[in-house]
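In what follows, a structure is listed as C-alpha cells, so that the remarks can point back to it.
Readers should treat all values here as calculations from the given coordinates under stated rules, not as data from a laboratory. Just so you know, these numbers come straight off a predicted model, no measurement behind them. Ideal geometry is used to build each Cβ from the backbone, glycine not excepted, and the neighbour counts take in all protein chains shown.
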Amino acid sequence: MAEKYDVQEVEVWDGNYAAAHALRQAQIDVVAAYPITPSTPIVENYGQFVANGYVDGEFVMVESEHAAMSGCVGAAAAGGRVATATSSQGFALMCEVLYQASGMRLPIVLNVVNRALASPLNVRGDHSDMYLGRDSGWIQLDAFNAQEAYDLNLCAFRIGEHLSVRLPVMVHQDGFVTSHTAQNVNPLKDEDAYAFVGDFVPHEEMLDFSRPVTYGAQTEEDWHFEHKAKQHKALMDSRAIIDEVFADFEKKTGRAYKRVESYMIEDAEVAIVALGTTVETCILAAKQLREEEGIKVGVVSPRCFRPFPFDKIREALENVNAICCLDRSSPGGAMGALFNEVSAALYSTQKRPLVTNYIYGLGGRDFSIAEAKRIMKEQKAHADAGYITTEIQQFSGLRGPKLGFFETKRR
C-alpha cells in the first residue's frame, strides 16, 4: 500500500509563493531567471531561499527571458534539475528557446503566470501567452488556484523527468487572480515533497565525458521529419505518465487531479468549457442555476492543455446538447483556440453537440458569476431550440456595440 504523506499546517500563500516553495522543496540545481510582472515573486522568492541557505542550488540572474531559458537549456543538458518562471512578453521572448528545450528533450519546469500580450501594454491576466506556447512541444498543466500551483509543480518534475517522457513542462496560473491572491494552501513537509519528486537522475548529460553526446545538432530533410515525429509521439505517450503521476499524488496526499476535470457533468444538458480561475466561477454559477432554475449545467476543463486530451474531452461532453467554450485570449481573426480544440474532439462523435464560443476577460477584465449564468442560460436556449440562436462567436463583457462575426443559420 502506498505511503500516505502528512501535510503541514495550513499556510496562507499566494500562487507565486506556493510555486516558489514547490521549487525549493524539489531541490533545484539551477534557476536562471529574468523578472517580469506578475511572475517575478516566484524567482525572487527562490533567490531569497538561495541567499538564506535554504537550498543548495544556483540562482543565475541573466539579461533577458531569452537568456533565462537559454541558461536553463544549458544547465539541463549538463545534467541538472532546472526551473524558471515568466509571463507575457517575457514568454514571447523565450519562444525561440522553448522549441530548443523540447526538441532536445530536456525536462525543464517553467512556471507561466498568464498575462496579456501587448500591444496595448497590459500587465493583467489572460491566456494569450498560454496559447502562444501550445505548439512548442511542451507539456502544459493548468492550475486554478494557489494549492494547485503548488501541487502541479511537484507533479511537473515527476512527469517531465520520467525516462519515457523526458520533455519540458509548463505550469500555468492566472496572473494576479491566482498569483497575487492569498489563499489557504496545505503543503507537504519538505522531506515528503522531495520523496514524491524523487532524486534527479541525469540522462545522456552533456558533461559525461565517458559517453559523449551532442545537443543542438542540425538536421535537414534527411532526418528532421523523423525527429519531430518521435518528439510528438513522446508528447502524446506522456498522457499515461501524467495519469500515473496524478494517481500516485492522490494516494499520497488525498488531492486528486485528472487530465480533464469535470463537475456535475453526469446528468448535464449543457456545459461550459473553461480554463484557469474561471473554472471555479463557472462551478458556482452552475450550482446556483441548478438550485434556482433547475437547469442542468456541467463544467469541464482541460487540466492538461498539452498534450490536448481529445479522448477525455469527448467522453465528458458527447452527451450534452449545447456547449460554450470560453476563450480568454484574442482570437486573432479566428475562433478561440479552446473552441477549436474542443470542436475538433467532438466532430467525430455521432451526436455532435452545438458548440459556441465566447471571448472574455481580456487584459484582466472581470468575469462574474452573473455573466456565467447568463451564458449558461443561453446554452439552454440553444439546446431547447435544437440550433444555435445567436452568433457562434461572441464577446462577453465588451463595452460598446455588440460584435458578432460568425453567424449561424437555423437547421
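Sort 210, 238 so that the residue with the fewest other Cβ atoms within 10 Å of its own Cβ comes first and the one with the most comes last.
Details: 210 4, 238 23.
Listing 210, 238 from fewest to most nearby Cβ atoms yields 210, 238.
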_Using each residue's phi in the range 363-372, evaluate 6.51 cos²θ - 1.76 cosθ + 1.60 at θ = phi - 60° and report the 3J(HN,Hα) Karplus result to the nearest Hz, with x for Gly and Pro._
x, x, 4, 5, 10, 8, 4, 4, 5, 4
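Kindly work out what percent of the DSSP beta bridges joining two residues of the range 260-396 are antiparallel, to the nearest 5.
Values: 4 of 22 bridges.
Here the antiparallel bridges make up roughly 20 percent for the range 260-396.
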*What ³J(HN,Hα) values, in whole Hz, does the Karplus curve 6.51 cos²θ - 1.76 cosθ + 1.60 give for the range 140-150 when θ = phi - 60°, with x put for Gly and Pro?*
10, 10, 10, 9, 9, 7, 5, 4, 6, 4, 5
*asked:* Show me, for the range 89-98, the HN-Hα J-couplings you get by feeding each phi into the Karplus relation (A = 6.51, B = -1.76, C = 1.60, θ = phi - 60°), rounded to Hz, glycine and proline as x.
replied: 4, x, 4, 4, 5, 6, 3, 4, 7, 4
_Other-chain or far-sequence residues with amide H under 5 Å of residue 174's (modelled H)_ = 114, 179, 277
*Can you give the calculated 222 nm mean residue ellipticity of the chain, where each DSSP H run of n ≥ 4 adds -39,500 (n - 2.57) and the sum is split over every residue, rounded to the nearest 500 deg cm²/dmol?*
-12500 deg cm²/dmol
*Overall form of the chain per C-alpha gyration tensor (a/c, 1.5; a/b vs b/c)*: prolate
*Hey, can you grab everything whose amide H is under 5 Å from the amide H of residue 306? Only 5+ residues off in sequence or another chain; H modelled, so Pro and N-termini drop out.*
140
*Amide H neighbours of residue 108 under 5 Å, at least 5 residues apart or on other chains, H built in the peptide plane: list them.*
169
*With charges set only on the Cβ (+1 for Lys and Arg, -1 for Asp and Glu), what does the dipole of the range 260-396 come to about its Cα centre, in debye to the nearest 20?*
220
*Looking at the square roots a ≥ b ≥ c of the eigenvalues of the Cα gyration tensor of the range 260-396, which shape do they give, rounded for a/c under 1.5, prolate if a/b is larger than b/c, or oblate?*
rounded
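Normalised by the empirical 2.2 N^0.38 Å for globular proteins, what value does the Cα Rg of the range 1-71 take? Please report the intermediate quantities before stating the final value.
Details: Rg = 14.0 Å, N = 71, 2.2 N^0.38 = 11.1 Å.
Rounded to two decimals, the normalised Rg is 1.26.
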_DSSP bridge orientation in the chain - percent antiparallel, rounded to nearest 5_ = 20
*Per DSSP, loop trypsin sites (Lys or Arg not before Pro) in the range 236-302 with at most 16 further Cβ within 10 Å*: 255
*Indicate the gyration tensor shape class of the range 115-244 (rounded, prolate or oblate), computed on the Cα atoms with a ≥ b ≥ c the square roots of the eigenvalues: a/c under 1.5 is rounded; otherwise a/b larger than b/c is prolate and the rest oblate.*
oblate
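If we count GluC sites (Glu not before Pro) as exposed when they sit in a DSSP loop and have at most 10 other beta carbons within 10 Å, what is the longest stretch of the chain that avoids them all? Mind dumping the intermediate values first?
Details: sites that count: 3, 9, 63, 220, 221, 266, 407.
Answer - 64-219.
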_Need one number: % antiparallel among DSSP beta bridges in the range 197-303, to the nearest 5._
50
